[in-house]
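The next block holds one structure in the form of structure tokens; read it before the comments.
The values are calculated or read from the model by the stated rules, or taken from the named source; none is laboratory data. Remember, predicted model here, so these are calculated numbers, not experimental data. Ideal geometry is used to build each Cβ from the backbone, glycine not excepted, and the neighbour counts take in all protein chains shown.
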Amino acid sequence: MEIDYQSKISTVVNNIAPSAIRRFFDLANEMKEEVISLSIGEPDFVTPWSIREAGIFSLEDGYTHYSPNQGYIEVRKAISEYLERRFDLKYDPKKQLLVTVGGSEALDLIARALINPGDEVIILEPCFVAYKATVTLAHGVPVVIETKEEDEYKLKPEALEAAITDKTKYIILGYPGNPTGATMTKEDLSKIKDILVRHPDIFVVSDELYSELSYTGEKPASIANFPELYDRTIVVNGFSKSFAMTGWRIGYMAGPAPLIAAMNKVHQYCIMSSPTTAQYAVIEACRNGDKDVEEMRDEYNRRRRVIINGLKEAGLSCFDPTGAFYAFPSIEGLGLTCEEFCERFLMEKKVAIVPGSAFGKCGEGHVRISYAASMENIQEAMRRLKEFVTELKNGSKE
Amino acid sequence: MINRIELLKLVEHNARIKIEDLAVMLNASSEEISAELEACKKENVILGYNTMINWEKTEREEVTALIEVRITPQRNQGFDKIASQFYRYPQVSSCYLMSGGFDLMLIIEDSTLREVANFVSEKIAPLEGVLSTSTHFILKKYKSNGTLFTQKQTDDREAIVL
């Protein structure tokens, strides 16, 4: 007898919609060898050598065992010092920090440790694909606020106020943002703080994975910097983006001690502890990585300018991204959906970029271009983009 | 305002980079970039634009030698006078005054083994003021001026990662 596997899978997992653009992804990955890819959400840089070397040295010294669930205390101390030095955030390494398997695990732990079935979580689309899924998997209800290009993809206080109900458990802020490259200044965040102060039951999850990659020239702001919200904010951060350490799978969260203890409970049963080698490597990253980060940030910033200029020359409108390594231009008025645009661009010009709809319904009409790629590839891709857009415009006139 | 150090680092790594590209990368106009580069040349900050060549991949048989020289400094002139007697030779590609166990470091390129031997024994060692020399030959270049001489890594990332 044939087994009906589909019916055996839990309702909640079955209900997570498969990615609508999976087919496009497969196509792009098949063509990998011949395409220029500006579709990748991870740094093209290899982890700085001193950090890799610290990991290697720990292996040579035989540090191959489980770490404490929460992470080695030396690692938590290094992270705590780093957060204070770079972002003016103070956390007790003993009770307020948990070392996780990347920022993604942190998002999952938060959802599972905080959500009761039916609780609402506010997320801002277009956004990182895991926000919605982690909430749904924890039996929560994602409530979407659509952020807009004309607002530079910032969260507007009115929109937040309108989305809050008595079931709202927390809100996820992801700035600097994937896929938009948007940032929120201290002033912007202050207005959000004013709303949240009036709703003392709502928590804030601040995903700051891209916090080191901010090009405003100002120190990146965290909503946890406001004393009024410090006790209600969980900061999620990691080393993947800022230190080019995606494959090491290491991140962390910082927040109120009782919540960290609750997260640690989930963490210890499903993960046990974060990779030991990676933990030794990030001690070096926290203590001696500033210069490496600065060099990568400067290079991203130059590429960012090349991308913005390239988009302008191609005739696509795009708000100036000020963080992360993405631009999110509009392709409206060209007569194609974002998915059609990306597929034709891939087939006709051999450049891979990502349809905006991958990041939420309101991402339609946009595409994500990553500048975590070499300058030569970016310049060549921008040349091809201009060609492609010109052909589309001429074609649509005929 | 152009960040001069950033501009210099960019041309240091790629002397053929286009002015227009530099302008976009550094958020300045082409005219401003040209003017800044011109100023750097005038101020002897930029002294030339060289090309990194891996000579091992060509048919040339020349070697690179590092020569440590101990000398007696001269009255009123210090080390400068004697250094100038060395660096005027075209085969001396670099000449540095050093701290530590010796005084001058000469780097000889463009010469065969025999030419280096002759140069040291005939031109350097007999010079008045030279106390001793010690010559080292480079066997293999792994990295020079920040450039790796081994194969570059390929991009093995997935084509799409969200």
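The single condition from (1) of a type in the set (A, V, I, L, M, F, W, C); (2) assigned to a loop (DSSP other than H, G, I, E, B); (3) at the interface with chain A (Cβ under 9 Å from one of its Cβ atoms) that B:Val24 fails is (2). Of the listed requirements (1) outside the structural domain of A:Ser214 (by TED's automatic domain parsing); (2) more than 22 Å from the chain's Cα centre (by Cα), A:Phe328 misses just one: (2). Condition test on A:Ser50, is it within 30 Å of A:Glu339 (Cα to Cα) and touching a residue at least 24 places away in the same chain (Cβ under 8 Å)? For A:Ser50, the condition - within 30 Å of A:Glu339 (Cα to Cα) and touching a residue at least 24 places away in the same chain (Cβ under 8 Å) - is not met. Number of residues in segment A:305-320 that are part of a helix (DSSP H, G or I) and in contact with a helix residue (DSSP H, G or I) (Cβ under 7 Å, 6 or more places away or on another chain) equals 7. Return the residue satisfying two criteria in turn: it lies in segment A:334-348 and is out of contact with any strand residue (DSSP E or B) (no Cβ under 9 Å at 6 or more places or on another chain) and farther than 11 Å from A:Phe24 by Cα, and of such residues it is nearest to the other protein chains (Cβ to nearest Cβ). Filtering segment A:334-348 for residues that are out of contact with any strand residue (DSSP E or B) (no Cβ under 9 Å at 6 or more places or on another chain) and farther than 11 Å from A:Phe24 by Cα, the one nearest to the other protein chains (Cβ to nearest Cβ) comes out as A:Glu348. Filtering segment B:33-44 to residues that are over 17 Å from B:Asp21 (Cβ atoms) and out of contact with any Lys or Arg (no Cβ under 8 Å at 6 or more places or on another chain) leaves B:Glu38, B:Ala39, B:Lys41, B:Lys42, B:Glu43, B:Asn44. Consider segment A:292-306 and keep the residues that are in contact (Cβ under 8 Å) with a residue 12 or more places away in the chain and more than 20 Å from the chain's Cα centre (by Cα). The one that is farthest from A:Ile331 (Cα to Cα) is A:Asp292. Candidates B:Leu7, B:Leu37, B:Leu106: the one that is within 14 Å of another protein chain (Cβ to nearest Cβ) and surrounded by 14 or more Cβ atoms within 10 Å (Cβ to Cβ) is B:Leu7. Remark: A:Ile56 falls outside the filter, which requires a residue to be β-branched (Val, Ile, Thr) and buried (at least 22 other Cβ atoms within 10 Å of the Cβ).
Within segment A:181-201, not a single residue is in contact with a helix residue (DSSP H, G or I) (Cβ under 7 Å, 6 or more places away or on another chain), within 24 Å of A:Gly102 (Cα to Cα) and not assigned by TED's automatic domain parsing to the domain that holds A:Leu316. Restricting attention to segment A:135-181, the residues being within 14 Å of another protein chain (Cβ to nearest Cβ) and among the polar types (S, T, N, Q) number 2.
Close Cβ contacts (under 9 Å, 6 or more residues apart or on different chains) running from residues in segment A:154-166 that are surrounded by 17 or more Cβ atoms within 10 Å (Cβ to Cβ) to residues that are small (Gly, Ala, Ser) comprise A:Lys154/A:Ala182. Based on this model, can you work out whether A:Lys90 counts as basic (Lys, Arg), outside the structural domain of A:Val367 (by TED's automatic domain parsing) and without any contact (Cβ under 8 Å) to a residue 12 or more places away in the chain? It is true that A:Lys90 is basic (Lys, Arg), outside the structural domain of A:Val367 (by TED's automatic domain parsing) and without any contact (Cβ under 8 Å) to a residue 12 or more places away in the chain.
Would you please name the residue that is farthest from the other protein chains (Cβ to nearest Cβ), looking only at residues in segment B:126-162 that are aliphatic (A, V, I, L, M) and surrounded by fewer than 15 Cβ atoms within 10 Å (Cβ to Cβ)? Residue satisfying both the conditions and the ranking: B:Leu127.
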